[in-house]
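The values are calculated or read from the model by the stated rules, or taken from the named source; none is laboratory data. Only a predicted model underlies this, so the values are computations on that prediction, with no experimental measurement involved. Each accessible area value is taken on the protein alone, full model and side chains, heavy atoms only, with ligands, DNA and RNA left out. Shrake-Rupley method; radii C 1.70, N 1.55, O 1.52, S 1.80 Å.
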Amino acid sequence: MAATPTLVSLDEYLNTAYEPDCDFVDGVLLERNVGTQRHGMLQALLAMFFGQYRKSHRIRVFAETRLRVDAARGRHRIPDVMVLEVPFSPGKVVVNVPAIIIEIKSPDDTFDDIVDRCFDYEKLTVGNIVVMDPDNKRAWLFQQGNLKLLTGATIQLSLSRQVIDFPFSQLFAELDEANE
């Protein structure tokens with residue numbers, strides 16, 4: 001038997017700290033799968049990688065921060081990593097469209113859940129949506145409703161003024177080194 005969804009108001013969601021934090025979709029709290037050590041380490045590596053561009057590319061990096069993806073319905077997601085260009089609106093919740101969102105697959109995540117999240121980001125017009133699987137060392141780019149497996153070593157992620165060469169293969173290698 002499926003669990004009954006937890007219905008809450010948007011105001012309650014925005015003023016409550018959940019442990020771990022939850023997405024808020026159509027009035028329902030959706031639990032996020034808690035990441036493994038590899039998930040957490042990849043998230044840290046991503047924050048450090050994008051952090052090096054903080055000044056030169058005028059970006060800010062956020063990990064596990066609430067993002068409003070649909071103002072009309074009050075829908076909120078919590079991307080693993082998102083990059084915003086400066087300036088952006090400060091506040092409790094990110095309301096600007098991120099330039100980059102990276103979702104890290106946890107072992108308990110289904111691809112349906114991941115794709116649903118990606119569709120929300122795409123509707124928000126996020127330009128770069130990447131999904132990374134730290135256990136199988138695979139990465140995908142989500143574009144036009146499809147996940148495209150990334151091959152090679154890098155991909156270019158476009159910002160409004162510049163480009164970042166994103167070395168996903170190198171990040172997986174660093175993750176393996178950190179686990180030795």
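Here is how the numbers come out for the structure above:
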| quantity | calculated |
| --- | --- |
| Solvent-accessible area of residue 10 with every protein chain in place, 1.4 Å probe, in Å² to the nearest 10 | 70 Å² |
| Surface share of carbon and sulfur [accessible, 1.4 angstrom probe, percent] for region 26-106 | 53 percent |
| Helix-derived mean residue ellipticity, 222 nm - over the chain, DSSP H n ≥ 4, -39500 (n - 2.57), to 500 | -7500 deg cm²/dmol |
| Gain in span if fully extended, residue 108 to residue 52, counting 0.36 nm per residue against the direct Cα distance | 17.1 nm |
| Amide H within-cut-off set for residue 70, under 5 Å, with H built and near neighbours excluded | 75 |
| Contour minus Cα-Cα distance for residue 169 and residue 60 (0.36 nm per residue) | 37.0 nm |
| Solvent exposure of the chain as accessible area per residue, Å², 1.4 Å probe | 53 Å² |
